[in-house]
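The values are calculated or read from the model by the stated rules, or taken from the named source; none is laboratory data. Model, not experiment: these values are computed from the prediction. Quick reminder, even Gly has a Cβ in these numbers, built from the backbone with ideal geometry, and neighbours come from all protein chains shown. Ligands, DNA and RNA are stripped out before the accessible areas are found, and what is left, the full protein with its side chains, is counted by its heavy atoms. Shrake-Rupley method; radii C 1.70, N 1.55, O 1.52, S 1.80 Å.
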Amino acid sequence: MSRGDMAKPLLGHRSTEGDPSLTPAAGRTVGVLGSGDFARSLAMRLVCSGFKVVVGSRNPKRKASLFPSAAEVTFQAEAVKKTDVIFVAVFREHYSTLCDLADVLVGKILVDVSNNTEINHHKESNAEYLASLFPACTVVKGFNVISAWTLQSGARDGNKQVLICSNNQEAKRTVAEIAQVMGFTPVDMGCMSSACEIENIPLRLLPAWKIPIFLALGLFLCFFTYNLIRQVIHPYIREQKNKLYKIPIEVVNTTLPCVSYVMLSLVYLPGVLAACSQLYYGTKYRRFPDWLDQWLQHRKQIGLLSFFCAALHAVYSLCLPMRRSHRYLLIETAVKQAVEKKMTIWVEEEVWRMEIYISVGIIALGLLSLLAITSLPSIANSLNWREFSFVQSTLGFIALVISTLHTLTYGWSRAFDENQYKFYLPPTYTLTLLVPCTVIIAKVIFTLPCIQHRLLRIRRGWEKGRYVKFVLPSATGEFSSGETSSNV
Ligand code: NAP
């Protein structure tokens with residue numbers, strides 16, 4: 001955005017008089033202390049949102065040209081005098097240099113936007129430290145989770161949520177109104193004691209993804225090693241054949257579907273365990289163990305990683321015929337055929353197996369794509385709970401069943417062929433079937449009327465050993481699947 005563009009308010013300044021839907025925040029004067037990256041982006045966004053902005057700098061003459069012309073850049077004390085709400089866009093280490101302003105700051109709202117370089121870096125949060133330096137001010141923590149880049153590009157790009165906390169409700173409301181007019185979504189995080197948590201948020205790297213990523217990497221490593229032993233090390237030791245060329249594509253491509261398939265089953269396994277726990281204890285009011293709770297909360301990420309591996313598997317598979325090794329082997333087979341004077345190598349059973357295997361694989365990938373898309377917040381928000389549950393629970397389970405068919409048609413009768421047991425190790429696909437088949441069998445058992453009935457009662461509040469008058473939903477029932485009646 002050019003300086004010329006910045007000078008013009010994007011939303012224009014409209015009078016809020018007589019229109020209760022318009023927040024009175026727009027049009028007020030907002031102060032910014034500091035002239036760095038954050039201060040500049042913030043001033044630009046505020047000007048674009050219809051605020052009058054006054055910037056306080058130690059060197060206003062030198063810094064003025066960096067700000068939109070609609071913003072006033074002046075000395076710190078001057079800026080503070082002109083407004084009641086001041087964003088402190090200065091690092092914590094420099095807060096003490098603002099102490100000279102203590103007199104003019106009395107009664108003002110200070111917005112602490114600062115971040116730390118390490119999680120729990122200081123004993124007290126930056127906002128609490130600022131409040132201790134200026135006891136006559138009201139400090140609000142906010143905007144630290146928004147980057148200078150997001151401020152510049154507006155709320156269209158990047159995170160829209162502004163987490164706010166303060167011990168003063170009025171001040172918190174004022175800052176929330178400003179955030180709203182700027183196009184952000186203020187989120188009330190409570191009182192000042194939450195500041196530390198808010199300051200730690202931008203330092204965390206994909207916290208919800210850590211366990212699922214380690215899980216996927218762990219599975220990948222296990223299956224990769226297993227496939228390497230079977231496909232590369234075994235032929236080398238037993239037949240002195242060099243099959244190292246298989247590592248980059250073939251071994252990876254046989255590993256990816258194993259990871260994807262097992263991960264998909266791990267999305268549904270905690271639901272099965274939770275149902276078993278509820279059936280065993282005869283109540284839904286008993287807390288699940290922490291590990292199960294954590295597992296249930298990470299299902300979305302595990303599912304998305306399963307989809308990622310499946311998508312990679314599809315791309316790798318499409319590229320298999322492009323390889324030189326594939327062409328050489330094809331020509332070699334053709335030459336052998338010619339030498340042996342064989343006119344055809346058509347095996348009807350193999351043809352059918354491959355046709356079904358590929359078709360089922362495509363359907364499974366399609367369903368996984370649907371699951372992945374509907375897990376995106378923007379899409380999920382457009383679905384009601386029943387639709388979301390139908391896609392994630394019912395279609396997800398169907399995807400697992402179809403993936404199982406894909407695996408079985410891939411393996412076919414190999415499990416019964418003793419040549420497939422390299423170093424006595426069974427074919428990889430037989431190992432991958434273990435968890436998914438357990439989940440499928442358990443889910444089928446849960447649909448048995450006696451068990452389904454009990455589970456439904458438990459999930460509607462019935463408890464073993466307690467008498468509660470209980471009415472089951474109708475046959476077309478509200479809760480068609482065991483998983484729709486609770487968060488499980
Ligand atoms: P910056 O570019 O280094 O700017 C810091 C500003 O502080 C300087 O321009 C300076 O302005 C002012 N300042 C006041 N007293 C100072 C002193 N004694 N020594 C040095 N500078 C002093 O930093 P920034 O990236 O804008 O970050 C400012 C604050 O916003 C930090 O607390 C940061 O954690 C927070 N924040 C930044 C981002 C981001 O994306 N950059 C995102 C979220 C939060 P004058 O010379 O005009 O006085």
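Before anything else, pin down the relative contact order of the chain: Cα pairs under 8 Å, at least 6 apart, normalised by residue count, whole percent.
Rounded, it is 10 percent for the chain.
Using per-residue counts of other Cβ atoms within 10 Å, averaged over each peptide, order 83-93, 240-250 from highest down.
Ranked from most to least packed, the peptides come out as 83-93, 240-250.
Using the Karplus curve 6.51 cos²θ - 1.76 cosθ + 1.60 with θ = phi - 60°, what ³J(HN,Hα) values do you get for each residue of region 370-380, in whole Hz, with x for Gly and Pro?
Karplus values, whole Hz, x for Gly and Pro: 4, 4, 5, 5, 6, 7, 5, x, 5, 7, 4.
Which shape class applies to region 29-203: rounded if a/c is under 1.5, otherwise prolate when a/b exceeds b/c and oblate if not, where a ≥ b ≥ c are the square roots of the Cα gyration tensor eigenvalues?
Since a/c stays below 1.5, the shape of region 29-203 is classed as rounded.
Run the numbers for residue 317 and residue 369: contour at 0.36 nm per residue of separation, minus the present Cα-Cα distance, in nm.
So the chain would gain 17.0 nm between residue 317 and residue 369.
Taking 0.36 nm per residue of sequence separation and subtracting the Cα-Cα distance, how much length would be gained by fully extending the chain between residue 452 and residue 206, in nm to one decimal?
Extra length from residue 452 to residue 206 when fully extended: 84.8 nm.
With +1 on each Lys and Arg Cβ and -1 on each Asp and Glu Cβ, how big is the dipole of the chain about its Cα centre, in debye rounded to the nearest 20?
Result for the chain is approximately 540 debye, rounded to the nearest 20.
Would you list, by chain and number, the lysines whose Cα falls below 26 Å from the Cα of residue 81, excluding same-chain residues fewer than 8 positions away?
Counting by Cα, and skipping residues close in sequence, residue 81 has these lysines nearby: 8, 52, 61, 63, 108, 141, 172.
Cross-link partners among lysines for residue 422, C-alpha distance below 24 Å, same-chain residues fewer than 8 apart left out?
241, 243, 246
Test of understanding: extend the Cα→C-beta vector of residue 464 to 7 Å, then name every residue of region 267-281 with backbone N under 12 Å from that spot.
Inside the label zone: 276-281.
Length gain on complete extension for the stretch residue 252 to residue 132, per 0.36 nm per residue less the alpha carbon to alpha carbon distance?
Answer, rounded to one decimal: 37.5 nm.
Can you find, among 223, 153, 56, the residue sitting farthest towards the positive end of the charge dipole of the chain, where Lys and Arg contribute +1 and Asp and Glu -1 at Cβ?
Positive-most Cα among the choices belongs to 223.
Kindly identify region 130-211 as rounded, prolate or oblate by the Cα gyration tensor criterion: order the square roots of the eigenvalues as a ≥ b ≥ c, call it rounded if a/c is under 1.5, otherwise compare a/b with b/c, prolate if a/b is larger, else oblate.
oblate
Taking the Cα centre of region 142-288 as origin, sum charge times position over the Cβ atoms of Lys and Arg (+1) and Asp and Glu (-1), and report the length of that vector in debye to the nearest 20.
With Lys and Arg at +1 and Asp and Glu at -1, about 680 debye.
Karplus couplings for region 290-305 from phi (6.51 cos²θ - 1.76 cosθ + 1.60, θ = phi - 60°), rounded to Hz, Gly and Pro as x?
4, 5, 6, 4, 4, 4, 4, 6, 9, 4, 4, 5, 4, x, 5, 5
Calculated FRET efficiency, residue 280 and residue 94, Cβ-Cβ r, R0 51 Å, to nearest 0.05?
E between residue 280 and residue 94, to the nearest 0.05, is 0.30.
Amide H of residue 108: which non-local residues (sequence gap of 5 or more, or other chain) have their own amide H closer than 5 Å, using H built in the peptide plane?
Residues meeting the amide H criterion: 138.
Any idea what the dipole of region 20-159 comes to, in debye rounded to 20, about its Cα centre with Lys/Arg Cβ at +1 and Asp/Glu Cβ at -1?
440
Name the long-range amide H neighbours of residue 55: under 5 Å, sequence gap of 5 or more, or other chain; modelled H, no Pro or chain starts.
For residue 55, the qualifying residues are 32, 72, 73, 74.
Starting from region 285-325, pick out the trypsin sites (Lys or Arg not before Pro) whose DSSP state is loop and whose Cβ has at most 12 other Cβ atoms within 10 Å.
Counting only loop positions with at most 12 other Cβ atoms within 10 Å, the trypsin sites (Lys or Arg not before Pro) in region 285-325 are 286, 287.
Solvent-accessible area per residue for the chain at a 1.4 Å probe radius, Å²?
Counting only protein heavy atoms, the per-residue value for the chain is 55 Å².
Can you give the accessible area of residue 72, probe radius 1.4 Å, in Å² rounded to 10?
80
By a straight-distance test (C-alpha under 24 Å), which lysines pair with residue 210 as possible cross-link partners, with residues fewer than eight away in the same chain excluded?
Within the straight-line limit of under 24 Å, residue 210 reaches these lysines: 160, 300.
Given all pairs of different Cα atoms, what value in angstroms does the Kirkwood hydrodynamic radius of the chain take?
Across the chain, the inverse of the average 1/r is 27.8 Å.
I'd like to compare 366-372, 305-311: which one has the highest average count of other Cβ atoms within 10 Å, and what's the full order after that?
Peptide ranking by packing, descending: 305-311, 366-372.
With the Cα gyration tensor of region 61-154 giving a ≥ b ≥ c as the square roots of its eigenvalues, does the rule (a/c under 1.5 for rounded; else a/b larger than b/c for prolate; else oblate) give rounded, prolate or oblate?
oblate
Which of the trypsin sites (Lys or Arg not before Pro) found in region 339-406 are in a DSSP loop and have at most 15 neighbouring Cβ atoms, other than their own, within 10 Å?
Passing sites in region 339-406 are 341, 342.
Short version: ³J(HN,Hα) in whole Hz for each residue of region 141-153, in order, from phi by Karplus 6.51 cos²θ - 1.76 cosθ + 1.60 (θ = phi - 60°), x for Gly and Pro, what are they?
For region 141-153, the Karplus curve yields 8, x, 6, 5, 7, 9, 7, 4, 5, 5, 4, 5, 7 Hz.
In deg cm²/dmol and to the nearest 500, what is the mean residue ellipticity at 222 nm of the chain if only DSSP H runs of at least 4 residues count, each as -39500 (n - 2.57), divided by the residue total?
-15500 deg cm²/dmol
As a test, work out the antiparallel percent of DSSP beta bridges whose residues both lie in the chain, rounded to the nearest 5.
5
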